[in-house]
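Taking it in order: structure first as structure tokens, then the write-up.
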Amino acid sequence: MSSFAAEALQDASTGRRVVDLRGPGVEARILPAAGANLFSLKVKETEFLHAPEDPHGISGFMAGNTILY
């Protein structure tokens, strides 16, 4: 049986909430305060999205992908 988890954390350097979604071999990180921005998508060890090293640089339109609903 597969195991999935979701967790909302506070980033220590920015104070903004980061949502981590994890499953077998996949991890997604979302920054709700930056326009629900998906700024990290890893499958196994491969990162598929570009994001600045400094989380302050994630504004909602320069890095990641806005999640539409």
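Please specify each residue of the range 1-21 satisfying the condition of being among the charged types (D, E, K, R) and either in a loop (DSSP other than H, G, I, E, B) or surrounded by fewer than 11 Cβ atoms within 10 Å (Cβ to Cβ) (or both). Give the derivation first.
Here is the first cut: in the range 1-21, the ones among the charged types (D, E, K, R) are 7, 11, 16-17, 20.
Correct list: Glu7, Asp11, Arg16.
Please find, among Pro24, Pro55, the residue that is at pLDDT below 90, touching a Ser or Thr at 6+ places or on another chain (Cβ under 6 Å) and open to solvent by less than 90 Å² (accessible area, probe 1.4 Å). Break it down into steps so the answer makes sense when it comes.
Working: Pro24 fails: at pLDDT below 90.
Testing whether each residue is at pLDDT below 90, touching a Ser or Thr at 6+ places or on another chain (Cβ under 6 Å) and open to solvent by less than 90 Å² (accessible area, probe 1.4 Å) leaves just Pro55.
The values are calculated or read from the model by the stated rules, or taken from the named source; none is laboratory data. Because the structure is a prediction, the values reported are computed rather than measured. Virtual Cβ from ideal backbone geometry, glycine too; neighbours counted across all protein chains shown. The accessibility values were calculated without ligands, DNA or RNA, using every heavy atom of the protein model including side chains. Shrake-Rupley method; radii C 1.70, N 1.55, O 1.52, S 1.80 Å.
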